[in-house]
Each structure stands twice: as structure tokens, then as C-alpha cells.
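The values are calculated or read from the model by the stated rules, or taken from the named source; none is laboratory data. Every value quoted in this text rests on a predicted model; they were computed, and no experiment measured them. With ideal geometry, Cβ positions are generated from the backbone for all residues, glycine too; neighbour counts draw on all protein chains shown. Please note that ligands, DNA and RNA were not included when accessible areas were found on the heavy atoms of the full protein model with its side chains. Shrake-Rupley method; radii C 1.70, N 1.55, O 1.52, S 1.80 Å.
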Amino acid sequence: MKQLIALLALSSLAACTSDRDPLENGRAQYLAAGCAACHAVNGRGGRVGPDLSLVGFRRNSQWLDQWLQDPKGWKHDARMPGFKLDSGTRKAVVAYLASLQQWDGAETGKAIYAKAGCIACHGIRGQGGHPNNNVKGDVIPALDAVVGTYTREELVAKIRRGAAAQADDPSKPEPLVHMPAWGKILSDKELDAVAAYLETIAIETPEEEEW
């Protein structure tokens, strides 16, 4: 009798899960896996890992799935552990993460850089080093050494329109990470704030000594 009751309970739970809205189910799986302990979404959650408020805008589902399967396989020094999620759970979490594309703002350029997820690609203070497949050097370019080569207007324009990563080898799969068109998410004021913050991280090239 106890076994029958247990089986009926499991069947009921499975039915509830299957009937649940896919995104609601994905969010429930995300929370159950403990992701919120390290990652924030729209101000709620931990601060150990990158903010995920816009992760669905800046990363595609293929990358999200690959990352959840093996974080260290993509980035050897990744701090995120491999949770070994089963395929169904991983699919649900990926669907939820891919849906995270709603922006509720931030006050400063530095805060936008962190919350929008720029830091997840370009690193702390634009130092770079984050991987991308089939691009020169296999990493996303650092910003700290190149930002100073743009005027404020040029920098804002580049952030607004985004940029597709250039494949290093046409015979290999296309890069999974591209810089999205942030003008679809950020206001002109926010774009200017990010550009202003990036200008503060630029490495100044010393002037040549006059003889």
C-alpha cells in the first residue's frame, strides 16, 4: 500500500511539472539548482557570479546549453561548478535563461556594465580574457587598451549597434558569442553612461618625450 501511495504521489508530481508553464518550470528548476545563490536577476539573488538579468539578450540558447553542460570545458578557470543537470532539467533552465531580456535600469555606467552583463564578456574593468570559439586568440577582446582609440560618439555608436564576432577559420563553426545591439535595450542616456565609464578604464598612452 505504501509503495502504491508513493507511486501515485510521484505520478501527481510529474503531472504537475508537465502541466506547468515551460518558463515557470525553468525558473523553478533554476531556483532548485541553487543558481540564485550566486546570480542576481533584476536585483534579486547573489553577487558571486555575473548578473543574469539580460543573459537571454547577450547569449544564445546554444551557448547557454553548452555552458550548463560543462562550464570549465568552455572556460578552464570558471568558478561555476558543473551541476550535471539531466537533459530535461537543463533544457528547462536554458529556456528560462533565454527569456531573461527585460531591462529595469541601473543608475551609473559602472552599474550598467555589471548588471547588463558586459562584465561577463569583457571582464572586470574591461580586461577581457573570456573565451569565444573560432575567433582570433579564442578570447573576447579586452577593452581597456582600445577604448581610448574611440571618440565618445564612436563608442556610443558601437555599443548601440553591436558587432558580430569574426570567424577566424571559415571551415569551423561560427562563434557563439556576439556583441548584441545594445540600442535595443539601453536608452541613449544609458548608452552614454556606459561609454563614459569605459573611458575611465582606457589605458593612457604616454606622450613621447620631447627632445
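Values for this structure:
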| item | result |
| --- | --- |
| Residue match in the stretch 44-58 (condition: farther than 22 Å from His130 by Cα and among the β-branched types (Val, Ile, Thr)) | no |
| Filter result (under 19 Å from Gly49 (Cα atoms), at pLDDT 95 or above and in contact with a Gly (Cβ under 7 Å, 6 or more places away or on another chain)) within the stretch 85-138 | Val93, Tyr96, Leu97, Ala98, Ser99, Leu100, Gln101 |
| Matching option when the condition is more than 14 Å from the chain's Cα centre (by Cα) and at pLDDT below 95, among Ala36, Ala6, Ala78 | Ala6 |
| Residue check for Ala36: in a helix (DSSP H, G or I) and of a type outside the set (Phe, Trp, Tyr) | yes |
| Top-ranked residue in the stretch 39-65 [being more than 13 Å from the chain's Cα centre (by Cα) and outside any loop (DSSP other than H, G, I, E, B); ranked as surrounded by the most Cβ atoms within 10 Å (Cβ to Cβ)] | Gly45 |
| Single residue of the stretch 179-208 satisfying the filter (surrounded by 15 or more Cβ atoms within 10 Å (Cβ to Cβ) and of a type in the set (Val, Ile, Thr)) that is modelled with the lowest pLDDT | Ile201 |
| First in the stretch 43-55 and farther than 7 Å from Gly117 by Cα and free of Cβ contacts under 8 Å to residues at least 60 places away in the same chain, second anywhere and open to solvent by 50 Å² or more (accessible area, probe 1.4 Å) and of a type in the set (D, E, K, R), Cβ under 8 Å, 6 or more apart | Val48/Arg79; Gly49/Arg79 |
| All positions within the stretch 153-170 that are modelled with pLDDT under 95 and either more than 23 Å from Pro131 (Cα to Cα) or open to solvent by 90 Å² or more (accessible area, probe 1.4 Å) (or both) | Gln166, Asp168, Pro170 |
| Unmet criterion (only one of (1) assigned to a loop (DSSP other than H, G, I, E, B); (2) buried (at least 18 other Cβ atoms within 10 Å of the Cβ)) for Lys84 | (2) |
| Some residue of the stretch 94-103 being within 19 Å of Cys35 (Cα to Cα) and aromatic (Phe, Trp, Tyr) | yes |
| Subset of the stretch 91-108 (residues that are more than 15 Å from the chain's Cα centre (by Cα) and crowded, with 19+ Cβ neighbours inside 10 Å) | Ala92, Ala106 |
